[in-house]
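Below is one structure, written out as structure tokens; the observations come after it.
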Amino acid sequence: MNCIKSDILQAIATHPTIIIHRHIHPDFDAVCSQIALKKTLQQSFPEKNIFAVGCDAENLEWIGSMDVIQDHEYRDALVIVCDTAEMKRISDQRFQLGATLVKIDHHSDGENYGDLTCVDPSYSSVCEMLADLFFSYPESFNLTIEAAAALYAGIMGDTGMLKNGMAGERTMRVVSQIKKFSFKPERIHRLMKKNGTDLSKWKQLVAYRAQVTEQGIASLRVTKEMLENLGLDSYEAAPLIHALVAYKPARIWVLFIEEDGKIRVRIRSKTAPVNEIAKKFGGGGHKLAAGALLSSWEEADQVVEDLGEKRMR
Ligand SMILES: [Mn+2]
């Protein structure tokens with residue numbers, strides 16, 4: 001069924017749990033629409049359970065992180081899929097487990113899926129669609145600064161910073177409404193630029209600083225001091241994991257980044273499952289991509305040691 005804005009609001013209002021998906025290999029609009037919807041629904045419907053799921057997107061983590069949820073959460077849930085034209089491209093195929101499925105997309109040539117299908121190619125982006133929905137029902141939706149910033153980044157992403165011809169009159173109108181929230185566009189522009197696909201800027205750092213153990217575990221430790229020298233914050237340095245995978249041949253890759261007195265670890269693996277070890281250190285994730293927050297560099301050594309033992313078995 002082709003749906004209108006009020007149908008989306010109705011679907012949201014009548015489900016206790018809402019799980020938001022988007023496509024694999026996410027771009028700005030995919031993750032930004034997902035996070036903006038999650039934050040807005042959390043703020044507007046505090047009694048509901050709201051989750052955003054899908055594969056990790058480290059270079060977009062500054063927008064918001066993904067939730068790791070169990071299958072049973074899908075019972076009675078409304079599943080909303082953002083920015084994804086075809087079902088096979090939906091990240092986390094459990095979207096099918098929900099009670100009701102809604103597609104929100106702006107691609108004209110997609111597949112017709114979902115109990116409700118909201119597709120309108122006249123929008124530049126799904127973020128513009130959501131902004132229009134939120135501003136159409138101000139009594140139902142409460143935006144936060146984080147949600148506004150994510151909507152802004154998603155619109156900037158799909159319109160090429162308003163330069164690629166996708167931005168229309170409505171785009172400009174919602175951008176001006178979003179801008180009433182006091183986020184810093186210059187920070188978003190900087191983060192968008194830094195988190196493009198150009199990994200070559202990290203090549204030397206990986207070459208000089210990464211270590212590989214006999215067991216094939218490549219690790220890179222980014223201290224607070226290194227971050228300062230690089231002029232980055234801990235989120236901006238997250239894409240280093242891609243550079244580590246790209247430039248350091250190994251079986252398992254481990255990136256440690258110091259943040260606020262703790263150490264964020266990201267683990268990627270070619271074949272050996274690594275989520276159990278992430279779980280052991282209070283984290284989680286998927287079989288080949290997991291992470292945790294550690295309290296010391298000694299724990300970081302322990303992670304590398306444990307991964308090495310796993311490899312030997
Ligand atoms: Mn899009």
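Brief remarks on what is shown
- Within the stretch 118-140, the set of residues being over 23 Å from the mean Cα position of the chain (by Cα), farther than 15 Å from residue 172 by Cα and within 16 Å of the ligand (Cβ to nearest atom) comprises 120, 121.
- Hits in the stretch 146-168 (condition: away from the ligand (no atom under 15 Å from the Cβ) and at pLDDT below 95): 163
- Among residues of the stretch 278-293, those that are touching a helix residue (DSSP H, G or I) at 6+ places or on another chain (Cβ under 9 Å), surrounded by fewer than 20 Cβ atoms within 10 Å (Cβ to Cβ) and either part of a helix (DSSP H, G or I) or not basic (Lys, Arg) (or both), counted: 5
- Among residues of the stretch 6-23 that are closer than 18 Å to residue 34 by Cα, those with a beta-carbon under 7 Å from a residue that is of a type in the set (A, V, I, L, M) and in a helix (DSSP H, G or I) at least six positions away or on a different chain give the pairs 8/133; 12/41; 18/12; 18/41; 20/37; 22/30; 22/31; 23/30.
- Hits in the stretch 245-261 - residues which are at negative phi, under 24 Å from the mean Cα position of the chain (by Cα) and of a type in the set (D, E, K, R): 258, 259
- Note on the stretch 68-89: residues that are surrounded by fewer than 22 Cβ atoms within 10 Å (Cβ to Cβ) and either under 21 Å from residue 6 (Cβ atoms) or away from the ligand (no atom under 13 Å from the Cβ) (or both) total 12.
- For the stretch 127-134, the count of residues that are in a loop (DSSP other than H, G, I, E, B) and assigned by TED's automatic domain parsing to the domain that holds residue 28 is zero.
- Residues being in a helix (DSSP H, G or I), crowded, with 19+ Cβ neighbours inside 10 Å and assigned by TED's automatic domain parsing to the domain that holds residue 299 are represented in the stretch 259-277 by at least one member.
- Only one of 191, 101, 143 that is of a type in the set (A, V, I, L, M), away from the ligand (no atom under 15 Å from the Cβ) and part of a loop (DSSP other than H, G, I, E, B): 143
- In this structure, residue 109 qualifies as within 16 Å of the ligand (Cβ to nearest atom) and either in the same structural domain as residue 259 (by TED's automatic domain parsing) or acidic (Asp, Glu) (or both).
- Tally, over the stretch 13-40, of residues that are in a helix (DSSP H, G or I) and buried (at least 22 other Cβ atoms within 10 Å of the Cβ): 13
- Restricting 102, 53 to residues that are buried (at least 16 other Cβ atoms within 10 Å of the Cβ), within 17 Å of residue 10 (Cα to Cα), of a type in the set (Val, Ile, Thr) and touching a strand residue (DSSP E or B) at 6+ places or on another chain (Cβ under 9 Å) narrows the list to 102.
- Checking each residue in the stretch 234-248 for being touching a residue at least 24 places away in the same chain (Cβ under 8 Å) and either assigned to a loop (DSSP other than H, G, I, E, B) or outside the structural domain of residue 267 (by TED's automatic domain parsing) (or both) picks out 234, 235, 236, 238, 239, 248.
The values are calculated or read from the model by the stated rules, or taken from the named source; none is laboratory data. Owing to the predicted nature of the structure, the values given are computational and were not obtained by experimental measurement. Because the Cβ atoms are built from the backbone with ideal geometry, glycine has one as well, and the counts that use them run over all protein chains shown.
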